[in-house]
1. Inside region 176-226, can you point out the residues that are part of a strand (DSSP E or B), touching a helix residue (DSSP H, G or I) at 6+ places or on another chain (Cβ under 8 Å) and either closer than 17 Å to Arg96 by Cα or hydrophobic (A, V, I, L, M, F, W, C) (or both)?
2. So Arg202 passes all but one of these: (1) buried (at least 20 other Cβ atoms within 10 Å of the Cβ); (2) over 30 Å from Glu260 (Cβ atoms). Which condition number does it fail?
3. Give me the pairs, please: first residue somewhere in region 222-236 and free of Cβ contacts under 8 Å to residues at least 24 places away in the same chain, second residue anywhere and of a type in the set (S, T, N, Q) and assigned to a loop (DSSP other than H, G, I, E, B), beta-carbon distance under 8 Å, and either six or more positions apart or on two chains.
4. Taking region 1-34 only, how many residues are under 15 Å from the mean Cα position of the chain (by Cα) and of a type in the set (D, E, K, R)?
5. Output the helices (runs of 4 or more DSSP H) that fall wholly within region 1-80 and possess 1 or more residues being farther than 20 Å from Glu284 by Cα, or say none.
6. State whether the residues of region 290-312 include one that is assigned to a strand (DSSP E or B), more than 20 Å from Gln45 (Cα to Cα) and not acidic (Asp, Glu).
7. For Asp253, work out the one condition from (1) under 30 Å from Ile343 (Cα atoms); (2) assigned to a loop (DSSP other than H, G, I, E, B) it doesn't fulfil.
8. Return yes or no: is Glu370 farther than 24 Å from Asp17 by Cα, touching a residue at least 24 places away in the same chain (Cβ under 8 Å), assigned to a helix (DSSP H, G or I) and out of contact with any Cys (no Cβ under 9 Å at 6 or more places or on another chain)?
Amino acid sequence: MTHKTLDNRRARRLFLDRHMLLRAGSGPARGHDLDHVLDTLGFVQVDSVNTLARAHDLILWARRGQYRPKALEHTVARYRSAFEHWTHDASVIPMRFYPMWRLKFEREEARIRARWPENRREGWEAETEAVLRHIGDHGAACSLDVGGDEKKSSSGWWDWHPSKTALEFLWRSGRLAVCHRRGFRKFYDLCERVIPSDTLNRRLDDVEIVDWAMRAALKRLGFATSGELSAFFDIVTPTEARNWCAEAMARGDLIEADIEMADGRMRKSFTTEEVLDEAASLPEPTTRVRLMSPFDPALRDRKRTERLFRFHYRIEIFVPEAQRKYGYYVFPVMQGDRLIGRIDAKRSGDTLCVRAFWPEAGVRMGKGREAGLLAELNRIRHLAGTYELSFEEGWLRAGQAA
């Protein structure tokens, strides 16, 4: 068995290159070019928080400076080259992946049905069939059309109006598809009215889907444990992932390598000879400073981010204000192959307001790096729809990293 190592610098660069963050990217960020970005990343998480820009828009803008939000809307609702469903969270996914999501649909349906209380099972069945008939007869619907009073307080979607819960179940189980959004509200329709017929009618067996999901995850991660591969699309179970890796190792399709983490420790991961050869010849990273979404595909696995980059990140939206270390919604900041800090910035009318930037320990904010950060903030004004920048006094917390 071949056994190799990969140092931390090359590991970071390989991982970032697989996520389109190592090099300076260019392209119109619409049509086929946007399809290429989505395919390369594998998915883009959708999130409603909009203090500066929504997560999916910021993710795509970080790769394509010409990106504008309407382009993703058109990709899903007009061109049907992507669809919305679930990975580890709600995401926009390349349409060509849809046949592989059938396994996800089946498992989501079984999981949700198992949660239905025995004494309410018949009621849930009747409600889902009624919602399905309503959409079949009357066309696309949103939660307001079937969900009763949305102002009712709720601790989760099981506390929603029964028809709204049924709508979510039908989407999760693949019996409905998101056809478009209005504002941020999803509209659902029958799959045959949304998914192109050749894609809708394609069938693969479970073994083929597991094989695809594992290979596709490894392609986008470069190196990973079986657990990381399983979690990437969240289609494959951890047991299936372990078995697949063992079989791939036996066939000679995978090798194990020691990947150096940021703290110098080595972590055994699966990869291929070809990937390690690629890692040895990657270019120097772009020097651009990038403001990142907390839900960026390169950062959403918080443990992997901390191991590779020594960057600990926590969303503080649900942390009481007095207990927050940084702020309500703080953006990681990357330069080259390092995460250099985090910034508290938000849109206020026509102004992009910067409250604070905290550099990571050991990061010096010299004139060049500060100029790079200011250039990025000026670039992002266009995505945020703002015209001016404002800074709170003492915003640059150089030498004061928490």
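The values are calculated or read from the model by the stated rules, or taken from the named source; none is laboratory data. What you are looking at is a predicted structure, and each value in this text was computed from that prediction instead of being measured. Quick reminder, even Gly has a Cβ in these numbers, built from the backbone with ideal geometry, and neighbours come from all protein chains shown. For the accessible areas, the whole protein counts, side chains as well, though only heavy atoms, and no ligand, DNA or RNA atoms are used. Shrake-Rupley method; radii C 1.70, N 1.55, O 1.52, S 1.80 Å.
1. Leu176, Ala177, Val178, Cys179, Leu190, Ala224
2. For Arg202, the exception is condition (1).
3. From region 222-236, the pairs are Ser230/Thr237.
4. Qualifying residue count for the region: 1.
5. So the answer is 31-41, 55-63, 69-77.
6. Scanning region 290-312, I find no residue that is assigned to a strand (DSSP E or B), more than 20 Å from Gln45 (Cα to Cα) and not acidic (Asp, Glu), so the answer is no.
7. (1)
8. Taking the combined requirement at face value, the residue satisfies it.
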